[in-house]
Amino acid sequence: MTDNYVELHCHSCFSFREGASTPAELVLAARRLGYGALALTDHDNLAGAMEFAQVAKEWGVRPIIGAEVTLRGAPAGDAGAAPSTHLTLLAETQRGYANISRLLSHAHLSSPRDAPSLDPAELVSCAEGVIALSGCRGGEISRLVEAGDFDAACETAARYAAIFGTRNFFIELQHNLVHGDRARNRGLVELARTLGLDVVATNNVHYHDRTRHRLQDVLVAVRHRSTLDATEHQRRKNAEFYIKSPDEKMRLFE
């Protein structure tokens, strides 16, 4: 059973000022752990896709290409604009890869420099051949579940399922030993059961080995143009965002 796990949410150094490992380091770590495949889902770009695919094929790991896209919140009103959210997209087919490319190109062309984002409505015309996961803690559904708004979370999940199809939309669970992970995952599993959707576990990988978490902290500080102390709340809460073995993941979700 443990042989079936592969990581589907993984960031390399092409998640600029965020990912702390190269595509090659991620692939080699996955191979050492016996992964048959690995996804690369860098933030808002496919810049590392070619290098990742070439290295993965050289080492006998099936490359899955994707991206974590940023979706714009609702326009500003009396209560202010809703925060942006994240959605994990994976290319199932060549058509899916082309659609993810189109979405990302439009995100960069229609947004301020260094802050690409998409109107969620744009997903509708580019959903063919794409598998979508509901996203990390910063995903819209996760945030609604954590806020206790189960009905709104269900409505949002149903909307994404209608866009991508119920067989191509999965509720994403992440457990990095951070406060709130267990309660959020319980809520997400309940939501998935309510809507008849499948779930998938990921680790939101940002480095191939846990020792790289210090470099990742520095990159986040650089991104915010601040110090390590001043970016404490922006940095990852611990060193658990590395490529874990199938056995480790099974223990976390048993």
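The values are calculated or read from the model by the stated rules, or taken from the named source; none is laboratory data. Since the structure is predicted, the reported quantities are computational estimates derived from the model, not experimental observations. No Cβ is skipped: glycine too gets one built from the backbone with ideal geometry, and neighbour counts run over all protein chains shown. In case anyone asks, the SASA skips ligands and DNA or RNA and just uses the protein heavy atoms, side chains included. Shrake-Rupley method; radii C 1.70, N 1.55, O 1.52, S 1.80 Å.
Results, tabulated for the structure shown:
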read-out	value
Share, in percent, of DSSP beta bridges within the chain that are antiparallel, nearest 5	35 percent
Distance between segment 170-232 and segment 108-126 - C-alpha centres, whole angstrom	23 Å
Helix-derived mean residue ellipticity, 222 nm - over the chain, DSSP H n ≥ 4, -39500 (n - 2.57), to 500	-11000 deg cm²/dmol
Protection-proxy order for peptides 164-170, 232-238, 182-188, each taking the mean of Cβ atoms within 10 Å per residue, highest first	164-170, 182-188, 232-238
Distance in nm between pseudo-label sites at Ser125 and Asp209 (7 Å out along the Cβ direction from Cα)	4.7 nm
Relative contact order, percent, the chain [alpha-carbon distance under 8 Å, six or more residues apart]	20 percent
Rounded to the nearest 20 debye, dipole of the chain from Cβ charges on Lys, Arg, Asp, Glu	420 debye
Glu92 accessible area, assembled protein chains, probe 1.4 Å, Å²	100 Å²
Cα gyration tensor, the chain - rounded (a/c under 1.5), prolate or oblate	rounded
